[in-house]
Amino acid sequence: MSDLGCIIGGVESINPFWLASAPPSDKKYNVERAFKAGWGGAVWKTLGVDPPVVNVTGRYGVHRTQDRRIIGINNIELISDRPLDVNLREMEEMRREWPDRVIIGSIMAPMDEQAWKSLAIKVANSGVQGIELNLGCPHGMCERGMGSAVGQDPEFVEQTTRWVREVVDIPVFTKLTPNVTDIIVPAAAAKAGGAHAVSLINTVNSVIGIDLDTMAPTPTVDGRGTHGGYCGEAVKPIALHMTAEIARQPETQGLEISAIGGITTWRDAAEFIALGAGAVQVCTAAMLYGFRIVEDMNEGLGAFMRDKGFRSIADFKGKAMAQTVDWNELNINHDLKARIDDEACIECGRCFIACEDTAHQAIRIDAKTDGGRKFTVIDDECVGCNLCMHVCPVKGCITMEAVDTDRPYLTWPEHPKNPLRKVAE
Amino acid sequence: MKHFKLTTDNSRLSSRDIAENFDDLHPALDGAQAIVEAARCIYCYDAPCMNACPTRIDIPKFIHQIRSGNLDGSAQTILSENIMGGACARACPTEVLCEEVCVVHHTEGAPVKIGELQRHAVDHIMMKGGSHPFSRAPLSGCKLAVIGAGPAGLSFAHRAAMLGHDVVVFEAKPEAGGLNEYGLAGYKMANDFAQAEVEFLLAIGGINIEHGKVLDDNLLLDDLRGAYDAVFIGAGLATARGLGVDGENLAGVGDALEFIENIRVAADKSSVQVGDDVVVIGGGNTAIDAAVQAKCLGACNVTLVYRRGPDAMTATQWERDLATANGVVVHYWASPEAFSGGAKVERAVFSAMRIDDGKLTPSGDSFELPADMVLKAIGQTLNSDIFGEMKLDGGKIAVDAQYQTSLPGVYAGGDCVKSGEDLTVQAVEDGKQAAIAADIMLRAKLKGAAE
């Protein structure tokens with residue numbers, strides 16, 4: 001049996017799947033259902049200083065594919081709108097009733113030392129295993145000087161992290177906003193402030209769409225809309241990149257990462273772990289399908305680890321990091337050519353039109369004797385861009401074949417055409 | 001596959017059962033279903049479906065437009081190539097045209113439902129009403145005559161009107177639409193769709209239909225040639241073939257198309273007479289339409305008899321499956337020898353057939369089927385006598401690549417010419433292309449006269 005157990009920021013968990021701080025972890029009823037379904041932990045929906053916030057109605061907008069599947073949600077909901085003591089009591093109960101699961105308290109306050117410290121102490125006293133600092137909400141809270149307004153200023157990130165570290169003796173997770181130019185700056189600030197781990201990404205600032213009848217952004221609140229926080233499958237690539245950067249850049253190396261961003265299946269989770277995350281947090285997938293999706297996350301990750309011979313999460317954590325490099329380290333002499341499998345080809349012409357119109361005119365159509373069409377790659381024109389392979393609707397029909405060039409590994413800094421080339425002394 | 005209500009040993013069909021049987025064969029897709037179905041389309045380049053359509057509708061484009069929510073544009077894409085896209089969406093044997101070559105067969109095992117998507121888009125624009133989606137070019141001053149208000153004639157008329165010409169259509173029957181109105185199974189054209197389509201098409205303006213005009217009776221080709229700048233013949237094939245066997249004139253032996261027409265014109269389908277033991281002779285889609293509709297009307301036993309084997313049958317597999325799923329018994333390799341009975345047909349005698357030296361010949365065996373109704377669906381022919389000196393080709397009107405007959409200024413299309421399969425969609429294409437050719441000819445003439 002592979003062991004799905006893991007330790008992140010010093011917190012032990014039976015599996016790497018936690019609910020992210022969001023609507024699904026708003027109260028005991030939901031979190032209890034999540035634990036019954038198999039989630040390893042939950043980061044409680046963010047708590048603020050009383051009085052609680054007031055939410056609007058019309059809180060979510062969605063981004064759909066053409067076949068109407070949802071790939072992203074945009075939300076304009078604020079932090080918990082329930083009284084602090086109700087939340088604290090429920091968290092305490094959950095800790096007592098589910099001793100093998102993790103409850104992390106998420107908190108948010110204005111840039112005031114006393115506010116952060118007293119809130120952190122109250123939450124820590126409820127018995128949670130860790131505290132997460134919400135420095136990310138890109139809507140509503142930031143207009144009050146909280147959320148991303150704090151997370152976008154590295155000094156504030158360091159300060160809030162330090163304040164909380166000073167008053168609690170449980171692990172502190174600093175949750176980062178992706179709405180910055182360089183994620184390394186706030187991540188390094190969190191590290192400097194003493195964070196045990198960073199959680200990322202919070203939602204991406206977005207307008208999910210415009211209702212062309214009412215000419216208002218969605219979700220629409222009484223005829224008007226606002227920007228909100230974007231999450232779900234569509235943001236996963238952004239989150240993967242930011243995870244990778246924190247894991248591999250010298251300024252932040254060694255900082256533990258609780259990865260968040262579009263994780264929908266065990267495979268997504270495995271990718272984040274391979275890039276250096278210690279565990280993951282999930283929200284959108286649960287909102288779309290219910291807590292039951294964790295069943296296959298656990299089973300699928302376990303099966304993957306068995307297949308690959310990994311006995312623990314730690315066994316493959318960071319395994320993709322060495323292969324994740326800057327562009328300047330790539331081999332320019334590596335050469336790929338597209339190969340089309342005639343047997344598998346259904347003759348749709350998608351590869352042809354993509355290459356012909358938007359790439360390198362490297363696919364030729366010939367009439368076949370049976371009246372069909374044969375698609376052939378013109379090697380001299382093919383630059384190996386992968387576009388045809390990706391647009392082909394038949395899996396495995398177009399492959400990219402490495403051509404033996406007999407040329408050595410050559411990077412751009414060493415390339416003869418590079419005017420700034422480093423010449424070996 | 002639709003299962004109609006059928007007569008059983010214990011019960012006959014009520015008039016409500018019969019009315020339900022003649023409801024739409026395929027329920028229309030709703031908006032959400034259409035989007036899901038449209039999403040299955042791969043958006044092929046130079047798509048096989050498009051090339052398989054006689055009218056060359058840009059199918060990937062119209063399906064993409066359904067996906068993008070541009071239903072008006074989708075309908076426009078369809079109708080710009082095929083003004084009877086609504087009828088074709090219902091009646092086309094898509095299983096041997098666009099859907100047969102759909103590449104999604106290879107990836108998913110079943111094609112995109114192109115016909116149903118086409119119907120979705122066209123129904124949308126027709127039900128929406130409002131202004132006609134096409135406008136007319138500046139008027140040319142030319143007047144064109146059309147013989148026959150079937151799919152070929154109406155398609156010609158619409159395209160000619162669009163190109164700026166005025167058109168008069170002469171039609172023998174009280175309603176326009178041709179076989180769409182009179183010759184297809186009722187459940188394929190439910191809710192009087194053929195008439196709705198005619199009305200839609202005429203809304204372009206510049207087209208007048210004169211009914212009760214019969215060629216060589218109260219309508220003469222020579223007169224038309226004198227009075228109009230060009231003539232289009234879309235007269236179809238009006239003469240039913242005969243079997244030339246004993247008893248063919250007995251009461252109860254009739255033509256399948258007549259039977260279908262009786263059903264189509266009946267407001268109350270249960271008023272149409274049908275036998276208990278119906279024998280349909282033929283192997284095309286008309287034979288299937290007659291056989292299945294006989295079942296829909298409550299016939300106890302319907303046997304479709306075809307002189308050759310399944311491979312030679314022109315009815316598509318889908319049509320055959322519809323028939324067999326609804327209790328029609330198909331009997332291959334048998335040819336009618338005689339019909340017998342008293343005042344009315346009671347029996348049909350068949351010779352078993354086989355291929356000898358590549359020739360269809362009686363095997364020597366024969367058998368009998370009880371029959372109180374025999375429907376012949378063995379095809380129609382052109383009444384060539386009425387076309388005078390016009391050149392024929394294989395029993396049909398000969399036309400050149402521009403759809404012009406041997407008489408200058410006289411064009412022809414649809415079932416009365418040999419262009420492709422005798423299908424509505426082919427007739428529409430013929431009419432469209434003939435109108436484009438006539439327009440080029442007329443423009444050249446006008447230009448010549450001006451110089």
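Where strands (runs of 3 or more DSSP E) fall wholly inside the range A:29-94, the ranges with 1 or more residues that are surrounded by fewer than 23 Cβ atoms within 10 Å (Cβ to Cβ) are A:60-64, A:70-75. When each of B:37, B:20 is tested for being buried (at least 18 other Cβ atoms within 10 Å of the Cβ) and either of a type in the set (D, E, K, R) or more than 14 Å from chain A (Cβ to nearest Cβ) (or both), the lone residue that passes is B:37. For residue B:57, which of the numbered conditions (1) in contact (Cβ under 8 Å) with a residue 24 or more places away in the chain; (2) part of a loop (DSSP other than H, G, I, E, B); (3) within 14 Å of chain A (Cβ to nearest Cβ) fails to hold? Single failed check for residue B:57: (3).
Picking from residues in the range A:271-287 that are surrounded by 22 or more Cβ atoms within 10 Å (Cβ to Cβ) and over 12 Å from the mean Cα position of the chain (by Cα), the one that is farthest from residue A:10 (Cα to Cα) is A:286. Suppose the filter is away from every other protein chain (no Cβ under 14 Å) and over 24 Å from the mean Cα position of the chain (by Cα); does residue B:94 pass it? It is false that residue B:94 is away from every other protein chain (no Cβ under 14 Å) and over 24 Å from the mean Cα position of the chain (by Cα).
Scanning the range B:97-117 for residues that are outside any helix (DSSP H, G or I), more than 19 Å from the chain's Cα centre (by Cα) and either aliphatic (A, V, I, L, M) or within 14 Å of chain A (Cβ to nearest Cβ) (or both) turns up B:102, B:103, B:109, B:110, B:111, B:112. Kindly indicate whether any position in the range B:409-418 is surrounded by fewer than 24 Cβ atoms within 10 Å (Cβ to Cβ), under 28 Å from residue B:286 (Cα atoms) and at pLDDT 95 or above. No, the conditions are met nowhere in the range B:409-418. Considering (1) in a loop (DSSP other than H, G, I, E, B); (2) more than 14 Å from chain B (Cβ to nearest Cβ); (3) of a type in the set (Asp, Glu), the lone condition that residue A:401 does not fulfil carries the number (1). Residue B:31 meets each of the listed conditions (1) surrounded by 22 or more Cβ atoms within 10 Å (Cβ to Cβ); (2) within 14 Å of chain A (Cβ to nearest Cβ) apart from (1). Kindly indicate whether any position in the range A:283-293 is out of contact with any strand residue (DSSP E or B) (no Cβ under 6 Å at 6 or more places or on another chain), under 27 Å from residue A:411 (Cα atoms) and in a helix (DSSP H, G or I). No; the residues of the range A:283-293 include none that is out of contact with any strand residue (DSSP E or B) (no Cβ under 6 Å at 6 or more places or on another chain), under 27 Å from residue A:411 (Cα atoms) and in a helix (DSSP H, G or I). Taken as a whole, the range A:355-370 holds at least one residue that is part of a helix (DSSP H, G or I), buried (at least 16 other Cβ atoms within 10 Å of the Cβ) and out of contact with any Asp or Glu (no Cβ under 6 Å at 6 or more places or on another chain). Just wondering, is there one or more residues in the range A:33-56 that are of a type in the set (Gly, Ala, Ser), in contact with a helix residue (DSSP H, G or I) (Cβ under 7 Å, 6 or more places away or on another chain) and either closer than 20 Å to residue A:228 by Cα or modelled with pLDDT under 95 (or both)? So far as the range A:33-56 goes, no, none of its residues is of a type in the set (Gly, Ala, Ser), in contact with a helix residue (DSSP H, G or I) (Cβ under 7 Å, 6 or more places away or on another chain) and either closer than 20 Å to residue A:228 by Cα or modelled with pLDDT under 95 (or both).
Only one of these is over 20 Å from residue B:103 (Cα atoms), touching a Lys or Arg at 6+ places or on another chain (Cβ under 7 Å) and among the charged types (D, E, K, R): A:414, A:381, A:356, A:347. Name it.
Of A:414, A:381, A:356, A:347, the one residue that is over 20 Å from residue B:103 (Cα atoms), touching a Lys or Arg at 6+ places or on another chain (Cβ under 7 Å) and among the charged types (D, E, K, R) is A:414.
When A:384, A:349, A:371 are checked against the criterion of being more than 30 Å from residue A:297 (Cα to Cα), at pLDDT below 95 and of a type outside the set (S, T, N, Q), A:371 stands alone in meeting it.
Answer with yes or no whether residue A:103 is surrounded by 21 or more Cβ atoms within 10 Å (Cβ to Cβ), in contact with a Lys or Arg (Cβ under 9 Å, 6 or more places away or on another chain), away from every other protein chain (no Cβ under 14 Å) and not in a strand (DSSP E or B).
Working: surrounded by 21 or more Cβ atoms within 10 Å (Cβ to Cβ): yes; in contact with a Lys or Arg (Cβ under 9 Å, 6 or more places away or on another chain): yes; away from every other protein chain (no Cβ under 14 Å): yes; not in a strand (DSSP E or B): no.
Here the answer is no, as residue A:103 does not meet what is asked.
Among the residues in the range B:335-351, are any aliphatic (A, V, I, L, M) and touching a Lys or Arg at 6+ places or on another chain (Cβ under 8 Å)? No. Somewhere in the range B:67-75, is a residue part of a helix (DSSP H, G or I) and within 12 Å of chain A (Cβ to nearest Cβ)? Yes, because at least one residue in the range B:67-75 is part of a helix (DSSP H, G or I) and within 12 Å of chain A (Cβ to nearest Cβ). For the range A:173-180, state whether one or more residues are in contact (Cβ under 8 Å) with a residue 12 or more places away in the chain, of a type outside the set (S, T, N, Q), on the phi < 0 side of the Ramachandran plot and assigned to a helix (DSSP H, G or I). No, because not a single residue in the range A:173-180 is in contact (Cβ under 8 Å) with a residue 12 or more places away in the chain, of a type outside the set (S, T, N, Q), on the phi < 0 side of the Ramachandran plot and assigned to a helix (DSSP H, G or I). Within the range A:227-236, is even one residue over 17 Å from residue A:132 (Cβ atoms), assigned to a strand (DSSP E or B) and under 19 Å from the mean Cα position of the chain (by Cα)? So far as the range A:227-236 goes, yes, one or more of its residues are over 17 Å from residue A:132 (Cβ atoms), assigned to a strand (DSSP E or B) and under 19 Å from the mean Cα position of the chain (by Cα).
Whether a residue is part of a loop (DSSP other than H, G, I, E, B), over 20 Å from the mean Cα position of the chain (by Cα) and modelled with pLDDT under 95 was assessed, and residue A:138 does not pass this test.
The values are calculated or read from the model by the stated rules, or taken from the named source; none is laboratory data. All of these numbers come straight from a predicted model, not from anything done at the bench. Cβ sites come from the backbone with ideal geometry, for glycine too, and all protein chains shown count toward neighbours.
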